[in-house]
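Here is the structure we will look at, set down as structure tokens.
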Amino acid sequence: MGNAQARRRLNAKDFQYIANNTALLNMQIVTEYFTELTQKYPDGKMQAEDFKKIFHLAFPERKQDKVDQLAEKLRNVEKTDGTIPMFTIAMLLFWFSDGPVDENLAEMFKLFDEDGNGSISIQELLSMMAFFIELGMDTGNVDMAKTMAEVFSIGDINKDEKLSKVEFVQGMKQHPVTSKLLSVKKIDDLLATF
């Protein structure tokens, strides 16, 4: 999930949402950071220091040692080259933002809807699961890849093998693991899933 896909799925409205619901002050600042990162990391993978900088700017109230721990986990040096997919910072900006849960999830939905057709297909679910596996979120207390498959199953109310935005939001809110993470919004709880 590289820069080209993220750039297609994120737009000015998304940047405004981030600006309104994090400590990043305005849409121009969000856009500038996004542009800077996409130019610096054309392969869509960022260094941990840049991840920590952006995360701390967005959420300055988060303790630096917790952000360091999160970045280290996301680097997943056992399975990857130690860089962090830029997709991750976008997802976490929405996850931890001050916006209403349904709106945060609607923003995350766009990241997983790779082709932008308004639904998450089985293939996009597999990409989502691969993303969590690459981050190492399949080996801790919670297998997030499996959890996302369960979210898909719960959300796919009409059993058409795709999730609309509404179905994604409902699946995330109804699954015990994701609903807890969404309500608590603590780095420690997220780290416990690794």
Report summary line: When the stretch 150-168 is checked residue by residue, the ones that are surrounded by 14 or more Cβ atoms within 10 Å (Cβ to Cβ) and either under 16 Å from the mean Cα position of the chain (by Cα) or not aliphatic (A, V, I, L, M) (or both) are GLU150, VAL151, PHE152, GLY155, ASP156, LYS162, SER164, LYS165, GLU167, PHE168
Report task. Could you please give the count of residues in the stretch 81-100 that are open to solvent by less than 30 Å² (accessible area, probe 1.4 Å) and either farther than 18 Å from ASP50 by Cβ or assigned to a helix (DSSP H, G or I) (or both)? Result -> 13
**Report entry** Which numbered condition GLN123 fails, given (1) in contact (Cβ under 8 Å) with a residue 12 or more places away in the chain; (2) more than 17 Å from PHE15 (Cα to Cα)
**Finding:** (1)
Query raised in the report: Hey, among GLU134, GLU114, GLU78, which residue is closer than 29 Å to HIS56 by Cα, more than 16 Å from the chain's Cα centre (by Cα), at pLDDT below 90 and surrounded by fewer than 19 Cβ atoms within 10 Å (Cβ to Cβ)?
Result: GLU78
Report task. Report yes if GLY44 is more than 29 Å from GLN174 (Cα to Cα), crowded, with 17+ Cβ neighbours inside 10 Å and either small (Gly, Ala, Ser) or out of contact with any helix residue (DSSP H, G or I) (no Cβ under 9 Å at 6 or more places or on another chain) (or both), otherwise no. Result -> yes
Query raised in the report: Can you find even one residue in the stretch 14-31 that is of a type in the set (Ser, Thr, Tyr), open to solvent by 40 Å² or more (accessible area, probe 1.4 Å) and either free of Cβ contacts under 8 Å to residues at least 24 places away in the same chain or within 27 Å of LYS165 (Cα to Cα) (or both)?
Result: yes
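The values are calculated or read from the model by the stated rules, or taken from the named source; none is laboratory data. None of the values given here were measured: they were computed from a predicted structure. With ideal geometry, Cβ positions are generated from the backbone for all residues, glycine too; neighbour counts draw on all protein chains shown. Remember, those area values only see protein heavy atoms, side chains included, never the ligands or the DNA or RNA. Shrake-Rupley method; radii C 1.70, N 1.55, O 1.52, S 1.80 Å.
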